[in-house]
Amino acid sequence: MTLELLSMSVVAMLAAPLGQRARKPWVLTLAVLLLVVVHSISALADSYALLLGLRIVAGIGAGTLLLAVNTTIAASGDPVRLYGACSMATATVGLLVLLYVVRRGSVGLNCA
């Protein structure tokens, strides 16, 4: 997770000057698709080196998504309200995923 956070932070800082010029719907879609594909592939990674590389690529997608979401929120008419709504939506989805995983009984790890 550290490599993903590191690459996410670097991408968000380096791409910040380009944030206002990019087409936000296109960037948001591309970033989400990149994250979904890379996280899906990383779940099936059979080597540590492949997993590390995929986590870096996932960080690039996450940094791009973070930048696009923040510039979209800042440009909105009521950024405080929109940020609050995004935070609540994120928390709700996280809670639902957590409840699903707990109800299922495992997350695919052999803890025995």
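A short reminder: the numbers here are calculations on the coordinates, not readings from a lab. These figures come from a predicted structure and were not determined experimentally. Cβ placement follows ideal geometry from the backbone for every residue including glycine, while neighbour counts extend to all protein chains displayed.
Brief remarks on what is shown
- Boolean, Ile56 is in contact with a Leu (Cβ under 6 Å, 6 or more places away or on another chain) and not acidic (Asp, Glu): yes
Each row is one residue, and each column tells you yes or no for (1) loosely packed, with under 14 Cβ neighbours inside 10 Å; (2) in a helix (DSSP H, G or I); (3) within 13 Å of the chain's Cα centre (by Cα); (4) among the hydroxyl-bearing types (Ser, Thr, Tyr).
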| site | (1), (2), (3), (4) |
| --- | --- |
| Ala22 | no, no, no, no |
| Leu33 | yes, yes, yes, no |
| Val36 | yes, yes, yes, no |
| Ala58 | no, yes, yes, no |
| Gly61 | no, yes, yes, no |
| Leu65 | no, yes, yes, no |
| Thr71 | no, yes, no, yes |
| Cys86 | no, yes, no, no |
| Ala91 | yes, yes, no, no |
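- Each residue in the stretch 38-49 was checked for being part of a helix (DSSP H, G or I) and either exposed (fewer than 14 other Cβ atoms within 10 Å of the Cβ) or among the small types (Gly, Ala, Ser) (or both), and 5 pass.
- Near pairs, Cβ below 9 angstrom, 6+ apart or cross-chain, from the stretch 80-97 (in contact (Cβ under 8 Å) with a residue 12 or more places away in the chain) to any residue that is surrounded by 10 or more Cβ atoms within 10 Å (Cβ to Cβ): Cys86/Val69; Cys86/Ile73
- Residues in the stretch 11-30 that are over 10 Å from Thr64 (Cα atoms) and either among the β-branched types (Val, Ile, Thr) or touching a residue at least 60 places away in the same chain (Cβ under 8 Å) (or both): Thr29 alone.
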